[in-house]
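Novice: Please find one structure pasted underneath; my questions will follow.
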Amino acid sequence: MAENRGLALRFIDDVDAPFSQRLALVSKPLAQLNKGEVRVKVLASPVNPSDLVYLRGQYGVPPADAAFAGFEGCGVVVAANAGLYGKWLLGKRVAIAATPGADGVWAEYVTTLASYCLPVRKDIDDVQASTLIVNPCTVVCLLARAKEIGTQAVVINAAASQVGKGLIRLAKMQGVKTICTVRSQANVAVLRELGADAVLLTTDDDYPEQLKALAHEWRARVLLDAVADMDTPSVLRAMPAGSTAIVYGRLQETRDPLGGRFSVADVIFRRIKIEGFWLADFMKKASPLKVLSVSRQVQKLFAEGVFHTDIRGEYGFDDFMPALEHYAEHKSDGKVILRP
Ligand SMILES: NC(=O)c1ccc[n+]([C@@H]2O[C@H](COP(=O)([O-])OP(=O)(O)OC[C@H]3O[C@@H](n4cnc5c(N)ncnc54)[C@H](OP(=O)(O)O)[C@@H]3O)[C@@H](O)[C@H]2O)c1
């Protein structure tokens with residue numbers, strides 16, 4: 001039986017262990033295809049914060065020991081057991097989301113549901129295509145939800161992230177103002193250049209006053225929150241009464257497995273609301289037509305240059321571990337791409 005090489009999870013119950021110790025390069029027999037599944041030869045796959053959280057055992061699904069890691073990528077469909085749709089996918093280049101809890105994308109081949117494969121336009125290269133599900137689809141969903149809540153402006157924290165940059169560009173197109181927060185000076189100019197309406201440095205002494213003044217002047221009633229922990233209550237405190245935080249990440253590392261805080265007083269007396277967003281839920285609940293329509297919108301935005309993922313470099317199995325450790329500490333340097 002043919003073999004499949006990849007980076008398998010070695011679960012270590014110690015939050016301080018380096019990421020490179022949590023993965024091992026192993027070979028296993030190629031998985032049989034169950035009904036509804038396709039086999040994809042992987043061309044490229046990024047490292048995202050969700051991969052790091054998963055490797056540490058703090059993600060929304062328990063870590064599957066010995067399974068290949070990696071949540072998204074791009075590849076070519078080489079075998080299918082998924083009816084007519086599977087046959088149609090054969091030979092096509094697709095963006096792939098891994099089936100949570102099963103073998104992931106950091107391997108030569110991945111088996112996933114045909115419904116988790118999105119055919120990719122020819123004018124998007126393999127590396128950009130490997131990043132088009134997790135972050136860009138989240139950007140589209142978050143902004144749609146912010147507009148549904150009803151706001152003229154959004155506050156975006158950790159705004160130099162790839163999600164943050166996508167939000168800035170899309171919000172500009174859609175006439176929603178952006179108040180961006182970053183913690184390093186170097187990112188201020190980058191985001192201004194990108195079209196952010198305001199960029200605030202969280203280390204400035206008068207940061208809370210600046211944030212409060214702008215959030216009220218521009219009536220920003222939605223916080224798009226990737227940081228969580230103390231950032232959620234403190235940013236919401238600066239925003240108008242009745243504001244909503246859509247929490248979609250927890251970049252502020254904490255030893256508390258529950259993560260996150262909120263101000264009880266603000267929830268009661270200032271009608272502050274907090275809700276979550278998880279793309280995996282959206283993908284599970286949305287109809288295939290809805291997923292295809294978001295994918296088309298995202299790919300058009302890539303082709304027009306509105307969406308673009310910053311890449312730090314491309315790595316093989318041999319030089320991937322140091323790149324992974326670098327990404328964990330320096331996420332603003334751009335995505336690390338595995339080329340199996
Ligand atoms: N819920 C979902 O379905 C979903 C989907 C997609 C993404 N996400 C989440 O979205 C977030 C962004 O993902 P990404 O791939 O766009 O990130 P990314 O490109 O890897 O960048 C992360 C950014 O966050 C900043 N950062 C890291 N730790 C921080 C902290 N404690 N406080 C403030 N800023 C911090 C980094 O800036 P520095 O230079 O200052 O370190 C960097 O600019 C992640 O939390 C990810 O899990 C969630």
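Where a number appears in this text, it was derived from the coordinates with a stated rule and is not lab data. Just so it is clear, the structure is predicted and the values come from calculations on it, not from any experiment. So basically every Cβ, Gly included, is an ideal-geometry build from the backbone, and we count neighbours across all protein chains shown.
Novice: What is the distance, in nm, between label points placed 7 Å from the Cα along the Cα-to-Cβ direction at residue 81 and at residue 219?
Specialist: About 5.6 nm separates the two model spin labels.
Novice: Report, in whole Å, the centroid distance computed from the Cα atoms of segment 310-328 and segment 15-55.
Specialist: Cα centroid of segment 310-328 versus Cα centroid of segment 15-55: 14 Å apart.
Novice: Something else now. Would you kindly derive the ³J(HN,Hα) couplings of segment 47-59 from the backbone phi angles with the Karplus curve 6.51 cos²θ - 1.76 cosθ + 1.60 (θ = phi - 60°), listing them in order in whole Hz, with x for Gly and Pro?
Specialist: 9, 10, x, 4, 5, 5, 4, 5, 4, 7, x, 10, 8
Novice: Follow-up. Quick check on segment 171-250: take the gyration tensor over C-alpha atoms, sort the square-rooted eigenvalues as a ≥ b ≥ c, and tell me if it's rounded (a/c under 1.5), prolate or oblate.
Specialist: Since a/c stays below 1.5, the shape of segment 171-250 is classed as rounded.
Novice: Which residue, chosen from 320, 222, 187, occupies the Cα position most advanced towards the positive end of the dipole of segment 185-340, where the dipole is computed from +1 (Lys, Arg) and -1 (Asp, Glu) charges on Cβ about the Cα centre?
Specialist: The one lying farthest along the dipole's positive direction is 222.
Novice: Moving to a separate point now. Got the relative contact order for the chain handy, in percent, Cα pairs under 8 Å and 6 or more residues apart? Present the calculation step by step, with values, prior to reporting the outcome.
Specialist: On the way: 701 pairs, mean separation 55.8, N = 340.
Once normalised by length, the contact order is 16 percent.
Novice: Once phi is turned into ³J(HN,Hα) by the Karplus curve 6.51 cos²θ - 1.76 cosθ + 1.60 with θ = phi - 60°, what whole-Hz value does each residue of segment 210-227 show in order, with x for glycine and proline?
Specialist: Ordered by residue, 3J(HN,Hα) equals 4, 4, 4, 4, 5, 4, 6, 4, 9, 6, 7, 10, 10, 9, 9, 10, 9, 9 Hz.
Novice: Using modelled backbone amide H atoms (1.01 Å from N, in-plane), which distant-in-sequence or interchain residues come within less than 5 Å of residue 4's amide H?
Specialist: Those lying under 5 Å, H to H, from residue 4 are 28, 30.
Novice: Another one. What are the ³J(HN,Hα) values, in whole Hz, obtained from phi via the Karplus relation 6.51 cos²θ - 1.76 cosθ + 1.60 with θ = phi - 60°, for each residue of segment 89-94 in sequence order, with x given for Gly and Pro?
Specialist: Each residue of segment 89-94 in turn: 6, 3, x, 8, 8, 9 Hz.
Novice: Size of the dipole of the chain about the Cα centre, Lys and Arg at +1 and Asp and Glu at -1 on the beta carbon, nothing else charged, in debye to 20?
Specialist: Value, rounded to 20: 1440 debye.
Novice: Cα centroid distance between segment 108-183 and segment 265-302, in Å?
Specialist: Taking the Cα centre of segment 265-302 as reference, the centre of segment 108-183 is 10 Å away.
Novice: Sticking with the crude label model, points 7 Å out along Cα→Cβ, report the distance from residue 193 to residue 278 in nm, one decimal please.
Specialist: Reported label-point gap for residue 193 and residue 278 is 3.7 nm.
Novice: Mind listing the long-range amide H neighbours of residue 43? Cut-off is under 5 Å, sequence gap 5 or more, other chains count too, H placed in the peptide plane at 1.01 Å from N.
Specialist: Answer set, sorted by chain and number: 74, 75, 76.
Novice: For segment 135-278, give the magnitude of the charge dipole about the Cα centre (Cβ charges: +1 Lys/Arg, -1 Asp/Glu; no others), in debye to the nearest 20.
Specialist: Around 460 debye, computed over segment 135-278.
Novice: Looking at the square roots a ≥ b ≥ c of the eigenvalues of the Cα gyration tensor of segment 1-145, which shape do they give, rounded for a/c under 1.5, prolate if a/b is larger than b/c, or oblate?
Specialist: Values: a/c = 1.88, a/b = 1.23, b/c = 1.54.
Oblate, because a/c is 1.5 or more while a/b does not exceed b/c.
Novice: Continuing with this model, one more query. For an R0 of 45 angstrom, estimate the FRET efficiency from the Cβ-Cβ distance between residue 32 and residue 333 and round to the nearest 0.05.
Specialist: 0.70
Novice: Roughly speaking, what is the stretch gain from residue 297 to residue 203, that is 0.36 nm per residue apart minus the C-alpha to C-alpha distance, in nm to one decimal? Numbers along the way, then the final one.
Specialist: Values: separation 94, 0.36 × 94 = 33.84 nm, distance 3.62 nm.
Additional length available on full extension: 30.2 nm.
Novice: I would also like to ask the following. Across every pair of different alpha-carbon atoms, what Kirkwood hydrodynamic radius in Å does the chain reach?
Specialist: 20.7 Å
Novice: Once both axes come from the Cα atoms, what is the angle between helix 134-149 and the longest principal axis of the chain, in degrees from 0 to 90, rounded to 10?
Specialist: So the helix axis and the longest Cα principal axis differ by about 40 degrees.
Novice: List every residue whose amide H lies under 5 Å from the amide H of residue 199, counting only residues 5 or more places away in sequence or on a different chain, with H placed 1.01 Å from N in the peptide plane.
Specialist: Here the answer is 180, since their amide H atoms fall under 5 Å of that of residue 199.
Novice: Percent of Cα-Cα pairs more than 23 Å apart in segment 135-278, please.
Specialist: Percentage above 23 Å: 26.
Novice: Rounded to the nearest 0.05, what FRET efficiency is calculated for residue 269 and residue 66 with R0 set to 30 Å and r the Cβ-Cβ distance?
Specialist: For R0 = 30 Å, the calculated efficiency reads 0.05.
Novice: Give the value in nm², to one decimal: projected area of the alpha carbon convex hull of segment 104-196, averaged over all directions.
Specialist: In nm², the orientation-averaged hull projection of segment 104-196 is 8.1.
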